[in-house]
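J.: First, the structure itself, so that you have it in front of you.
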Amino acid sequence: MLLCILLSTLYTSVYLEASHYTPCNGKSAIGGICDINSDCEHKGSICLRNRCRCHPHYIEANDEKGRNVRCVPLPAKVGAPCTNKCREPLFCRNGECQCVQRGTTRISNGECITSSRVGDRCSRHYDCTSPFSACLNSQCVCISGTIQQVKFF
């Protein structure tokens, strides 16, 4: 009888190890198994390929004692101190977050505001500020059904 219980326990633990996350296991730490974002215990963590990871706007960091991994927000303002990474579209240079220069970039309330005209480089549709333009293959272009008007001065 003891042998049957022992084998049953062994089978159950092997089965659970191979299965995905279940609510009975509690929330998962960074690197732990998950099925959906709410399975992850830390603020700023998401479930990616069945593992809890930090969201792209966060970075992994150890707690004060250097033991527990948690997700810390990346600096997101121009001039904010940084060690090696800032929240996109900023980048870290000389210990400070700075704007990526493309098109016409200006700073407003500590944020980079990029306005790109037709023909300028872009990364998202809202970078293209000319009416009826969109970002396609990293360049602002006129949307379907419109043409670029040339202004003569």
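Readers should treat all values here as calculations from the given coordinates under stated rules, not as data from a laboratory. Keep in mind that this is a model prediction, so the values were computed, not measured.
J.: Relative contact order for the range 74-113: what percent, with Cα pairs under 8 Å and sequence separation of 6 or more?
T.: 36
J.: Could you give the radius of gyration (one decimal) and Dmax (whole number) of the Cα atoms in the range 53-131, in Å?
T.: Radius of gyration, then largest Cα-Cα span, for the range 53-131: 15.3, 53 Å.
J.: Right, here's the next one. Using modelled backbone amide H atoms (1.01 Å from N, in-plane), which distant-in-sequence or interchain residues come within less than 5 Å of residue 97's amide H?
T.: Amide H to amide H, under 5 Å and 5 or more residues apart or across chains, residue 97 pairs with 79, 80, 82.
J.: Right, here's the next one. Percent relative contact order of the range 26-73, based on C-alpha pairs within less than 8 angstrom and at least six residues apart?
T.: The value is 30 percent.
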